[in-house]
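What follows is a set of notes on a single structure, which appears directly below.
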Amino acid sequence: MNMIRSGAPSRDARGADASLHSLTVRLMRDADAAAWDAFVLATPGGTFFHRAGWREIFRDVFRLDCRFLVAEREGKIAGVLPLVHQKCLLFGNALISAPFCVEGGPLAADEAAREALDQAAIALMDKTGVPSLEFRSRKASRPGWRAATGLYAVFAGPISVDDKQNLLAIPRKQRAVVRKTLESALKSEIDAAPDRLFRVYSESVRNLGTPVFPKRYFAALKRVFGEDCDIVVVLDEGAPVSAVMNFYFKDTVMPYYGGGTTAARRNGANDFLYWEVIRRAAGRGYRRFDFGRSKANTGAFAFKKNWGFAPEWLEYEYRLKPGADLPNKNPNNPKYKLFIEAWKRLPLPLANVLGPLLIRGLG
């Protein structure tokens with residue numbers, strides 16, 4: 001893409017000049033990764049989903065067209081935008097920041113850099129001809145853009161260094177469930193490889209009627225993010241019954257890809273699993289637990305709310321071509337009902353073969 005320049009001065013929240021020199025916006029290069037991540041870590045609003053490693057994963061695992069954008073001022077990064085062109089015959093054609101992620105909208109040091117990234121993304125929208133540009137923002141702030149509200153919520157709260165305090169922070173009814181699992185024979189382990197996670201996760205999402213990610217996706221996440229990504233597995237008499245892949249960023253742990261077998265619903269393994277994530281993360285010095293996002297009116301939404309976390313509604317923002325509708329890949333969409341019911345009945349080996357062929361267009 002051509003570089004976009006912006007020489008117009010703007011002012012940051014403190015009223016100081018934020019742009020005395022021109023900005024350039026360009027595509028991210030491999031050599032930018034370290035500086036990109038340093039900017040994300042240092043900038044308020046930076047999240048795990050803004051990290052540079054996602055570019056490699058989107059590109060190499062899903063073969064998606066990555067348009068990660070860097071805004072620069074005097075050779076230093078002033079903003080980043082992890083933008084991806086996701087095109088699928090079944091699920092539509094869009095520029096998204098960022099697919100498969102909770103968040104990932106423009107992250108900028110000042111308003112001038114934010115505006116430059118917005119304009120560069122709009123230029124890409126025009127160039128590619130996509131009907132929609134999606135920013136996964138926590139709060140909508142762009143006049144004239146459409147906002148999708150009331151669909152997804154995140155659940156997060158503080159955790160203590162003290163296990164007893166963390167247990168007491170769970171509402172009474174859910175706490176009783178957790179206490180019962182602590183008296184059972186359930187055990188947890190940390191896995192270095194995704195094999196057991198994939199075994200229980202693939203069964204779980206098939207039972208929900210959802211295509212599964214390829215196993216290589218989980219292996220790539222572990223390889224790319226290293227110690228900032230781990231896998232907790234719960235065993236019942238030596239057999240894996242539930243598991244979750246967790247992301248770690250700043251002071252926060254986020255259980256992200258999790259699931260359980262049919263047995264996990266009977267023995268409380270899923271409840272034990274998330275308690276073990278909290279306990280282990282607290283012991284490592286993390287002070288915030290982020291349960292991630294869930295769709296409204298789903299079992300996952302109710303499960304997370306039972307742990308005492310209040311929902312914070314996300315406000316994803318969309319710039320649409322004239323006449324285009326908001327994308328709707330929500331499984332609650334009636335047009336997917338027959339597909340979901342049929343998928344639930346697929347033999348697991350077949351679902352694991354077909355799922356990765358479809359999933360690159362979802363998320």
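The values are calculated or read from the model by the stated rules, or taken from the named source; none is laboratory data. Fair warning: this is a prediction, and the values are worked out from it, not measured in the lab. Glycine gets a Cβ as well: all are built from the backbone with ideal geometry, and neighbour counts include every protein chain shown. Surface accessibility is based on the protein's heavy atoms, side chains included, excluding ligands, DNA and RNA. Shrake-Rupley method; radii C 1.70, N 1.55, O 1.52, S 1.80 Å.
A few comments on the model shown:
- Taking the Cα centre of the chain as reference, the dipole from Cβ charges on Lys and Arg (+1) and Asp and Glu (-1) amounts to some 960 debye.
- Ordered by 1.4 Å accessible area with all protein chains kept, His85, His50 run largest first as His85, His50.
- Between 0 and 90°, nearest 10: helix 33-42 axis offset from the chain longest Cα axis: 80
- Segments 100-110, 151-161, 258-268, 36-46 sorted - mean Cβ within 10 Å per residue, highest first: 100-110, 258-268, 151-161, 36-46
- Here's the picture: charge each Lys and Arg Cβ at +1 and each Asp and Glu Cβ at -1 in the chain, and of Val200, Val277, Val161 the one pushed furthest to the positive end of that dipole is Val200.
- Whole-number D in µm²/s for the range 67-141 (Stokes-Einstein; Kirkwood sum over Cα pairs; 20 °C, 1.002 mPa s): 169
- Packing around the peptides 241-253, 301-313, 124-136, taken as the average count of other Cβ atoms within 10 Å per residue, puts them in this order, highest first: 241-253, 124-136, 301-313.
- Per residue, in Å², the accessible surface of the chain once ligands and nucleic acids are set aside, probe 1.4 Å: 46
- For the chain, calculated [θ]222 nm from helices alone, where every DSSP H run of n ≥ 4 adds -39500 (n - 2.57): -10500 deg cm²/dmol
- Hydrodynamic radius (Kirkwood) for the chain, which is based on Cα pairs only, to one decimal in Å: 21.7
- Scanning residues 5 or more positions from Ile159 or on other chains, those with amide H under 5 Å from its amide H are Arg288, Phe289, with H placed 1.01 Å from N in the peptide plane.
- Within a straight-line Cα-Cα reach of under 19 Å, Lys187 can be paired with the following aspartates and glutamates, leaving aside sequence neighbours fewer than 8 residues apart in one chain: Asp163, Asp195, Asp230, Asp236, Glu237, Asp271, Glu276.
- Expressed as a fraction of 2.2 N^0.38 Å, the C-alpha radius of gyration for the range 251-311 is 1.15.
- Considering only Gly226, Tyr286, Asn297, the residue lying farthest towards the positive end of the dipole of the range 220-334 is Asn297, judged by Cα position with unit charges set on Cβ.
- Taking the 1.4 Å solvent-accessible surface of the range 223-282 as the whole, the part contributed by carbon and sulfur is 43%.
- Signed unit charges on C-beta, dipole axis of the chain, positive-most listed residue Ala239, Phe62, Ile96: Ala239
- With 27 Å as the limit, the listed pairs Lys76/Lys250; Lys87/Lys295; Lys180/Lys250; Lys87/Lys304 have Lys180/Lys250; Lys87/Lys304 beyond it between alpha carbons.
- Surface/4 of the Cα convex hull for the range 244-363, nm²: 10.3
- Restricting the range 188-291 to GluC sites (Glu not before Pro) in coil, as DSSP defines it, with at most 15 other Cβ within 10 Å: Glu237
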